1. GLN65 versus ASP281, label points 7 Å from Cα toward the beta carbon: distance in nm?
2. Taking θ = phi - 60°, what integer Hz values does the Karplus form 6.51 cos²θ - 1.76 cosθ + 1.60 yield along region 277-282, in sequence order, with x for Gly and Pro?
3. Subtract the Cα-Cα distance of ALA123 and GLU407 from 0.36 nm times their separation in residues, and report this length gain in nm to one decimal.
4. From the phi of every residue in region 402-409, what ³J(HN,Hα) in whole Hz does the Karplus formula 6.51 cos²θ - 1.76 cosθ + 1.60 yield, where θ is phi - 60° and glycine or proline is x?
5. Give me the accessible area per residue for region 48-151, probe 1.4 Å, as a whole number in Å².
6. Given N residues in region 1-65, what is Rg(Cα) / (2.2 N^0.38 Å)?
7. Taking a probe of 1.4 angstrom, what is the accessible area of GLU291 in Å², to the nearest 10?
8. Mind pulling the per residue volume of the convex hull built on the Cα atoms of region 230-425? Å³ is fine.
Amino acid sequence: MIEVRVPGDKSISQRALLLATLAEGESRLRGLLPSADPRSTAAALRAAGARIPELPNDGSEIRVQGRGLRGLRTPSAPLDLGNSGTGTRLLLGVLAGQPLSAVVDGDASLRSRPMARVTNPLAQMGARFSWLGDEGRLPVRVDGGALAAFDYDLPVASAQVKSALLLAGLVGGVPVGLTEPGASRDHTERMLRGCGASVITHVRGPGRRIELRDPPPSLRPLDVDVPGDLSSAAFVLLACALGVTPGAVAIEGVGLNPTRDGIVDLFRRMGLRVEVVPGPDAAGEPVGRIEVGREALRAISVSEADVPTAIDELPALAVAAVRAEGVTRIRGARELRVKETDRIRALVVNLRAVGVEVAEHDDGLDVTGTTAALRGAVDAFDDHRIAMAFGVLAAAPGNTIEVSGKESVEVSFPGFWSLLERLRDG
Ligand code: S3P
């Protein structure tokens, strides 16, 4: 059995940096993901007055001196969030309740992503936004200040929108009630509770009602070990599924939050052997070891109800479907079109480029499994998860695939290419 680890969870790392900045006193953060996205978030926070040391490449402990809930200041230059949608949307929530003015910007991919889903409700709370380029797209200037209590029905289940609004309520010292149509990842709620805020969640059918009732006057500092990122581990599972690895693989210390672990069930439904051995919690999150063994894969149907807990892993699943018997159908996943790239389009274009039969739908795709050797050239479309999904397909026995844009993995998984080589060599 090959034993591997994956780097720290991207969603949790970004939240830890934000909440440590908003806390009172010194936070200790270990295992932070040392990749481009958390570094962009840390740099933006520093430019607004946060005291965050450089993120070490080995995930060793950093200490962050909190500024308190409203201790940020007007930055002297635009804040560059690079490729980070999570960093941007959560930061907009934090800035909305601070008495400051800041311009938030990002790279070409981030500039193409919809921001009104977060600025519209934040504006209803009292923040002011001015679009400096296209309406609803970065760059945007936010003028923050006093906010009002707020109740809101999220049109789509989005952890980024939910988190931005909870953070705005927290910083603004006002209650916030949210209803979401599906259960998006709940890392913010868990971490806020760990810092002493009371966040109540009620299950409402497939959705949730989330309430921040009495925002506390200050947050306790954090002392956390960030678990490994299940979204990164998904590519190790994919490598096993496609026979890149000669035998079974174990991944130690992976976050297993139930609002994020849908891929485990989906891969099992495809026939992959996946064992989960729970360990002690870390950072208020369930953590464990995943053992995966290769079996023949069969096609599955992924429906709307499967999507929220597996949204970021659907590129890996679509690529696994290439070697599954039958036609794998993915539906109810329109959100894939507004990720780091339009992931439905990117998957369709790349799969066709290597000779796989695929049908594109507005909210998903159908992939027909094949045993043929695959040849051709694919592109990452500046998207880390597209790069990794096709990188694994390229490493699978019999295929000759050239991947361009490999450097985009730096967004979430530095060291991915050397780990892939290790998996291949056993
Ligand atoms: C994230 C939420 C999800 C996910 C993204 C990370 C987060 O996005 O796709 O990669 O950390 O909150 P949405 O909030 O847009 O669903």
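The values are calculated or read from the model by the stated rules, or taken from the named source; none is laboratory data. Quick caveat: nothing in here was measured; it's all calculated off a predicted structure. Virtual Cβ from ideal backbone geometry, glycine too; neighbours counted across all protein chains shown. Just the protein is used for accessible areas: all its heavy atoms, side chains included, with ligands, DNA and RNA removed. Shrake-Rupley method; radii C 1.70, N 1.55, O 1.52, S 1.80 Å.
1. Placing both labels 7 Å beyond Cα along the Cβ direction yields 3.2 nm.
2. 10, x, x, x, 4, 9
3. Full extension of this stretch gives 98.6 nm more.
4. 3J(HN,Hα) across region 402-409, in whole Hz: 9, 10, 9, x, 4, 5, 5, 4.
5. Computed with neighbouring chains in place, this is 41 Å² per residue.
6. For region 1-65, the normalised Cα radius of gyration comes out at 1.13.
7. Counting only protein heavy atoms, the figure is 50 Å².
8. Measuring per residue, one finds 103 Å³ for the Cα hull of region 230-425.
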